[in-house]
Each structure stands twice: as C-alpha cells, then as structure tokens.
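Single-structure report; data block below.
Just so you know, all these numbers are worked out from the coordinates, no wet-lab data involved. Here the structure is a predicted model, which is why all the values come from computation and not from measurement.
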Amino acid sequence: MSAHPWQSVLDEAHRLEAEDGFSGILRVSRGEEVLLESCHGLADRANGIPVHPGTRFATASLSKMFTAVGVLDAAGRGEVGVHDRVVDVLPPELRPRT
C-alpha cells in the first residue's frame with residue numbers, strides 16, 4: 001500500500017499543531033476534486049471547540065496579500081496594469097454611478 005501523496009504535508013501540520021498550537025484547515029483541490037482536506041487545532045481555544053471543515057477564521061487584513069498576488073499575476077499576463085484604477089477595469093454594469 002502506497003503512502004498518501006500528501007503525507008509529508010500532513011505530518012508537518014500535525015507537528016505544528018502539537019508544538020506550536022497551529023489551528024487551520026489544509027485543503028488542496030483540482031477542479032471539483034478534493035485531493036486533501038485536513039482540520040487541525042481549535043477554532044475556539046477557550047471552549048475547546050475543534051476546527052471543522054466549516055470553521056470560519058477571522059483573517060483581518062490577510063486578504064490584502066491575496067489581492068496583491070492576484071493583481072500582480074493578472075498584470076504579468078498583461079490583463080491589467082499595476083497602475084490601472086479598479087473602476088477602469090470593471091465591466092460597465094459594475095462601475096459606480098456618479
């Protein structure tokens with residue numbers, strides 16, 4: 001029987017959970033196929049509630065990083081310029097009315 005292809009990732013997540021108190025969900029998918037889903041740690045430390053697949057996390061400003069990566073990726077493909085205004089790349093029906 002072969003080892004799980006993501007075993008080293010799972011091992012590291014378990015180590016981080018045990019040693020550093022890591023809490024989170026690891027999910028890898030290709031299209032609609034879920035290749036890996038693994039929940040770790042506590043969603044609510046005070047009440048001992050574990051993380052589950054539907055757990056929502058407060059990400060604060062973390063989404064800014066993902067937005068920046070998406071914009072730079074689109075700029076690298078020539079779809080937008082890094083100095084373009086958002087309003088200029090929105091379809092007309094989504095642009096604010098002035």
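Points to keep in mind about this one:
- Residue of Ala18, Ala74, Ala58 that the Gaussian network model of the chain assigns the largest fluctuation, springs spanning Cα pairs under 10 Å: Ala74
- Alpha-carbon spread of the stretch 1-57, three principal axes, descending order, Å: 38, 26, 16
- The chain, helix-only ellipticity at 222 nm - DSSP H runs n ≥ 4, -39,500 (n - 2.57), divided by all residues, nearest 500: -10000 deg cm²/dmol
- Structure-derived Rg and Dmax of the Cα atoms in Å: which label, when the choices are [x] 15.8, 50; [y] 19.3, 64; [z] 15.1, 50: [y]
- Under 5 Å from the amide H of Ala43 lie the amide H atoms of Ile49, Val51, each residue being 5 or more positions distant or on a separate chain, with H modelled from the backbone and absent for Pro and chain starts.
- Contour minus Cα-Cα distance for Asp84 and Ala46 (0.36 nm per residue): 9.2 nm
- Relative contact order of the chain: 13 percent, from C-alpha pairs under 8 Å at least 6 residues apart in sequence.
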